[in-house]
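Trainee: I'd like to ask some things about the structure below.
The values are calculated or read from the model by the stated rules, or taken from the named source; none is laboratory data. The structure presented is a predicted model; accordingly, all values stated were derived computationally and were not measured. All Cβ positions, glycine included, derive from the backbone under ideal geometry; neighbour counts span all protein chains shown.
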Amino acid sequence: MDLIKLSYKDDVTSQHQPNITARVEFFFHYWKFALTNQRANFDIFFLKSHRTIIEKLLLQIEGNFRYAKPRFVFFFQNDSLFNKKNFIVKNIQQRNVKRAIGKLRAYCRLSNSGWTASSPEKIVRTIKTIDSWLDTEYSTLLVREVIAVLEKDEPVDNDVIASLKQMANCLIVELLHKGFGVNYIKNIPDALHDYRNFPYERMRGEFDSDNEYDTYKKDIFLNLTLKNQIEGIINLLNRPQRTFNVLFKVYNINWAMEPKIILGVEFYNPKTHPKILHKLDTHFFEETFVFDVEKDENPSQCNAIVKVVGTQEEQVSLKGFYQARHSLAILNKEIDANGEIYIRNCFISNANLDILWGSSDALHRGVVRVDSLEDYQIENIKFINNLNPNDQQDKKIINLLSVVTASASKSSYAPEKLWMALEAAFGSEDAIKELTKSLLKLYLKHNFMYEWKVFLINTLNDNKPFASNEDNYSLSQSEVVAYNRLVASY
């Protein structure tokens, strides 16, 4: 995990500002750490913010009002995010929003009988007042408060750390809500320091030429202040949503008929009924998922195309994949086929269908090259080969391994099969719970804790000051070995 090194100077005196540099570095380093692969897979939905709390309250009231009060109190009253001293709550100017928050506090104080007698419709209206504010004023206020904390020329203490972590979580949730993908959001701290990738307020389409747009970017970037950098996040949140067409190659089906639409997804043969008819000069790929239609021997014989509204390609392709996969499952059932699509075999086009873009990886299904096996892999295979399929206990283990391996694939995930296999192997629900807790501890030990150690050593070690001539913090090989030993000792 690379963590960027920064150095902020006073605009007037050009003197280095170590306190501000430390604050900004911690904010960006925590941001990237919060979205490392391990943590994103483990608890991305535990990034709490004012929005996630409001969504949880709505879910409780609309789904289970009669028994919702304990959870309502837990989510709203017992969390600091809606405390009167919270950095956002105390700066809200809209009276109707302040009143709505006050009403929710009053609902938390109701007795059980008072709660049951109250109107869920009124509570929902109160919550939606806050929800509407979240969609309009919230992000601007949030960014303003982030800037105020980062620009304060005072040492970093525990209160500052807690505030910056909370603010980073809130901004990440807003970007997720807007539709940006995890990988894109993770790299925003780098983009805010990169002339090419900075989220400028104006887009390429507003200029007559690339040169004109490039001049605009250089002028803006050369004069960026810390305030302008953080406001770049607002530019992302204010981006309008656009319509994209997402195309997938469907394997195992030769579509020899007219196109057919199933739940908004159109299945067609790209050779006989092409969609991309008027190509721009920048058009690079073919919708048959080849470079050259005439030379390639394995063009797609069936595509799935779906319209998706979004802001960013990673999110658009993922939404398109889920919708196309659902429609393909229905098609497979109806025609008794085994059509398959893969998230990587995907191109994106604009609303006019005059250009395709994506990665050349989309042209082929991924092939895993195996040159050698690691020692632990050899040991795992040796263990599996020693299992006896005729032994009752070994048979349970083999079955469990098979189901767990299949469940690791999102396309074949079947939680009920996994649960039945676990029950058969361990005999009781309590045993499964104990196993789950043990596995969770192992996961935290070997992934989560190690990331924390890298994060802390890279940002807080006195021997590695915040400002330096290097671009990134990194651990030496000996430090990596030392920390692996430390993790193993837990």
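Trainee: So if I check each of V89, V73, which one is under 30 Å from L226 (Cα atoms) and either in contact with a Gly (Cβ under 9 Å, 6 or more places away or on another chain) or of a type in the set (A, V, I, L, M) (or both)?
Mentor: Working: V73 fails: under 30 Å from L226 (Cα atoms).
On inspection, the qualifying residue turns out to be V89.
Trainee: What's the total number of residues in the range 386-414 that are among the basic types (K, R) and at pLDDT 60 or above? Break it down stepwise before answering.
Mentor: If we filter the range 386-414 for residues that are among the basic types (K, R), which is where we start, we get 395-396, 410.
Subset that is at pLDDT 60 or above: 395-396.
Within the range 386-414, residues that are among the basic types (K, R) and at pLDDT 60 or above number 2.
Trainee: Moving on to the next point. Pick from A304, A329: which is farther than 19 Å from G181 by Cα, among the small types (G, A, S) and part of a helix (DSSP H, G or I)? Outline the logic, then answer.
Mentor: Details: A304 fails: part of a helix (DSSP H, G or I).
Only one candidate qualifies: A329.
Trainee: Among the numbered conditions (1) closer than 29 Å to H326 by Cβ; (2) at pLDDT 75 or above, tell me where F383 comes up short.
Mentor: Only one criterion is unmet by F383, namely (1).
Trainee: Give just the number: which of (1) touching a residue at least 40 places away in the same chain (Cβ under 8 Å); (2) within 27 Å of Q17 (Cα to Cα) does Y138 not satisfy?
Mentor: It is condition (2) that Y138 fails.
Trainee: Also, I was wondering about something else. Which one is nearest to F28 (Cα to Cα) among residues in the range 141-165 that are touching a residue at least 60 places away in the same chain (Cβ under 8 Å) and charged (D, E, K, R)?
Mentor: Ranking the candidates gives K165 first.
Trainee: Can you pull out the residues in the range 260-280 that are without any contact (Cβ under 8 Å) to a residue 40 or more places away in the chain, surrounded by 13 or more Cβ atoms within 10 Å (Cβ to Cβ) and either more than 23 Å from K333 (Cβ to Cβ) or more than 34 Å from the chain's Cα centre (by Cα) (or both)?
Mentor: Within the range 260-280, P270, K271, H273, P274 meet the criteria.
Trainee: While we're looking at this one, here's another question. I'd like to verify a number: residues in the range 284-308 that are modelled with pLDDT under 80 and buried (at least 17 other Cβ atoms within 10 Å of the Cβ), how many? Steps first, please.
Mentor: Taking the range 284-308 and keeping what is modelled with pLDDT under 80, we get 284-286, 290-298.
Imposing the further condition that a residue be buried (at least 17 other Cβ atoms within 10 Å of the Cβ) reduces the set to 285-286, 290.
The number of residues fulfilling the criteria is 3.
Trainee: Just to verify a result, which residue in the range 309-327, among those that are of a type in the set (A, V, I, L, M) and buried (at least 23 other Cβ atoms within 10 Å of the Cβ), is modelled with the lowest pLDDT? Spell out how you get there, then give the answer.
Mentor: The first filter runs over the range 309-327 and keeps only residues of a type in the set (A, V, I, L, M), leaving 309, 316, 318, 324.
With the extra rule that they be buried (at least 23 other Cβ atoms within 10 Å of the Cβ), the set shrinks to 316, 324.
Details: V316: 84, A324: 92.
For the range 309-327, the residue satisfying everything is V316.
Trainee: So which residues in the range 202-219 are among the small types (G, A, S) and part of a loop (DSSP other than H, G, I, E, B), if there are any at all?
Mentor: The one that is among the small types (G, A, S) and part of a loop (DSSP other than H, G, I, E, B): S209.
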